[in-house]
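The values are calculated or read from the model by the stated rules, or taken from the named source; none is laboratory data. Computed from a predicted model, the values in this text were never measured in an experiment. Reconstructed Cβ throughout: ideal geometry from the backbone, glycine too, with neighbour counts over all protein chains shown.
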Amino acid sequence: ANSIKNDGYVYIGELHPFKQYSGTKARFETEEGLQIVHCFNHHISDFTNAAKNYGFAILSINEYFDDGDKKTIPRILTLLLKKLN
């Protein structure tokens, strides 16, 4: 929070916690094969409470779904924060 000037923005994009609750982990392919990222389960309230506690306004929270299918668990969670004066 101290590195962001007043009225500065922070963008957060994460694997959606709901995906993590169901056992999904971030992963990618390399020449050595499938790499699974060790990750920590952050709850949505972890992000929103931290924003509040460190003087940020939450400008937007968005969820992105595979193929836009909102009947499934969202894949990505994004937050846009603004540092208050």
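Mind checking which residues of the stretch 46-78 are in a loop (DSSP other than H, G, I, E, B), in contact with a helix residue (DSSP H, G or I) (Cβ under 9 Å, 6 or more places away or on another chain) and either of a type in the set (Ser, Thr, Tyr) or in contact (Cβ under 8 Å) with a residue 60 or more places away in the chain (or both)? Break it down into steps so the answer makes sense when it comes.
Initial filter on the stretch 46-78 (in a loop (DSSP other than H, G, I, E, B)): 54-55, 65, 69-75.
In the following step, the residues that additionally are in contact with a helix residue (DSSP H, G or I) (Cβ under 9 Å, 6 or more places away or on another chain) were identified as 72-75.
The answer is 72, 75.
So residue 25 clears everything in (1) at pLDDT below 95; (2) in contact with an Asp or Glu (Cβ under 7 Å, 6 or more places away or on another chain) except one condition, right? Which one?
(2)
Looking only at the stretch 29-45, which residues are assigned to a helix (DSSP H, G or I) and either in contact with a Pro (Cβ under 9 Å, 6 or more places away or on another chain) or not hydroxyl-bearing (Ser, Thr, Tyr) (or both)?
Initially, the stretch 29-45 is screened for residues assigned to a helix (DSSP H, G or I), giving 44-45.
Scanning the stretch 29-45 gives a single hit, 44.
Run down 85, 2, 41 and say which single residue is polar (S, T, N, Q), in contact with a helix residue (DSSP H, G or I) (Cβ under 6 Å, 6 or more places away or on another chain) and on the phi < 0 side of the Ramachandran plot. Talk me through it step by step, then tell me what you get.
Values: 85 fails: in contact with a helix residue (DSSP H, G or I) (Cβ under 6 Å, 6 or more places away or on another chain); 2 fails: in contact with a helix residue (DSSP H, G or I) (Cβ under 6 Å, 6 or more places away or on another chain).
Within the list 85, 2, 41, the selection yields 41.
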